[in-house]
Amino acid sequence: MPKNFHISIITVNLNNIEGLKRTMQSVFEQTWKDFEYIIIDGGSIDGSREAIESSKGRIDYWVSEPDKGIYNAMNKGIAVASGEYLLFLNSGDHFTDDGILARNHKFLGDEDLIYFDIRVVKNDAEYVRRFPDKLVFSYFTKYTLPHQATFIKVDLFKRTGYYDEGLKIVSDWKFFLESICDCKASYLKVNEILSIHYLDGVSTDPENWDLVLEERRKVLESKYSFFLEDSQQIFKYREQISILESKISILRKSRKIGLLIKLGLLNKF
């Protein structure tokens, strides 16, 4: 395998041949090509292996064998990657256009994490998911970063550790949380949409929401119970402020309040 690539793009797949084809085509069409492409397939039986083999001349490393879950597969990708930065563009997801890496690879160099916005597609609807410029603990109590739009410096995995294979759904969230809050990872937000994500994965299935919340709760309570209590108070105050602002907005639109202000019986607010 060629060494010293700037980026390793890793695709994890299991029996999602149409999604895999879409992802591979998106990678192959990039005009900037200083990257290696790695595919970790979990022993698919839907023709995915054959699709990979037919394009193996454009894939730097691939394997098709049973694994112990998505995070075991992602860890396999980390273990064989030679890039300075890793990007997990899993089967089904794809880049926004063929020049996205050409326009944005200049941002890779110093920070541990470089993350972008994503376009989310669910059935026939779509929207852009924006991510904050500043990352704090309270953000991660409810949200995470998009692995399909975040370049991770490979050295960060040596400091934080690989993905926790004991978790079924939220290990990437745990990795980002620990990277920012424990390892003080440096980061940069780039205000461009890097990739398109389809809401058909395990973590976005409504049937798995309870498990997502339960796994997150266990991680937060086991390592961050003190900070979690403070964050819950912050969210409580934010909700109270939001309700108050909503009530004030309604009062401002009231004709009676407007009349009282005009008559000088009430100060403008």
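Could you order peptides 17-25, 56-64 by the average number of other Cβ atoms within 10 Å of their residues, highest first? Kindly include the intermediate steps, with their values, before the conclusion.
Details: 17-25: 19.2, 56-64: 15.2.
Listed from highest to lowest mean packing, they are 17-25, 56-64.
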Check: Going from most exposed to least, what order do Y224, Y127 have by accessible area with a 1.4 Å probe?
Finding: Y127, Y224
Check: How much of the accessible area of segment 1-123, probe 1.4 Å, is carbon plus sulfur, in whole percent?
Finding: 47
Item checked: Summed side-chain charge close to M74 - residues other than M74 whose Cβ falls under 10 Å, Lys, Arg +1, Asp, Glu -1 -> -2
Next item on the list: Counting only DSSP beta bridges with both residues in segment 1-151, tell me the antiparallel percent, nearest 5.
Entry: 30
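For segment 59-117, what is the convex hull volume of its Cα atoms per residue in Å³? Could the numbers behind the result be given before it?
Details: hull volume 7.7 nm³, N = 59.
Residue-normalised Cα hull volume stands at 130 Å³.
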Note to self: For L199, L177, give me the order by solvent-accessible area with a 1.4 Å probe, most accessible first, ignoring ligands, DNA and RNA.
What the structure shows: L199, L177
Check: Can you give the accessible area of Y162, probe radius 1.4 Å, in Å² rounded to 10?
Finding: 120
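Once you sort the root eigenvalues of the Cα gyration tensor of segment 83-135 as a ≥ b ≥ c, which label holds: rounded (a/c under 1.5), prolate (a/b larger than b/c) or oblate (the other case)? Display every interim value, and only then the final one.
Working: a/c = 2.02, a/b = 1.49, b/c = 1.36.
Cα axes put segment 83-135 in the prolate bin.
In the neighborhood of N15, defined by Cβ-to-Cβ distances under 11 Å, what is the net charge if each Lys or Arg adds +1 and each Asp or Glu adds -1? Mind showing how you got there, number by number?
Working: positive: R49; negative: E18, D41, D46.
Residues near N15 contribute -2 overall.
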Notebook entry, point to check: Equivalent-ellipsoid semi-axes (√(5λ), Cα gyration tensor) for segment 5-108, whole Å, largest first?
Noted result: 22, 15, 11
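At 1.4 Å probe size, put S225, S195, S54, S186 in order of accessible surface, largest to smallest. Working shown, then result.
Working: S225 70, S195 0, S54 95, S186 50 Å².
Output order, biggest surface exposure first: S54, S225, S186, S195.
Over segment 1-146, with the other protein chains present, what is the accessible area per residue in square angstrom, probe 1.4 angstrom?
Values: 6580 Å² over 146 residues.
Value for segment 1-146: 45 Å² per residue.
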Check: Looking at segment 67-194, what % of its DSSP beta bridges pair antiparallel, to the nearest 5?
Finding: 70
Check: Using a simple spin-label model with points 7 Å from Cα along the Cα→Cβ vector, what separation in nm is obtained for R217 and K158?
Finding: 3.9
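The values are calculated or read from the model by the stated rules, or taken from the named source; none is laboratory data. The model shown is predicted, which means the values in this text are computed figures rather than measured ones. Cβ: placed from backbone, ideal geometry, glycine included. Neighbour counts: every protein chain shown. Heads up: the accessible areas ignore ligands, DNA and RNA and are worked out on the full protein's heavy atoms, side chains in. Shrake-Rupley method; radii C 1.70, N 1.55, O 1.52, S 1.80 Å.
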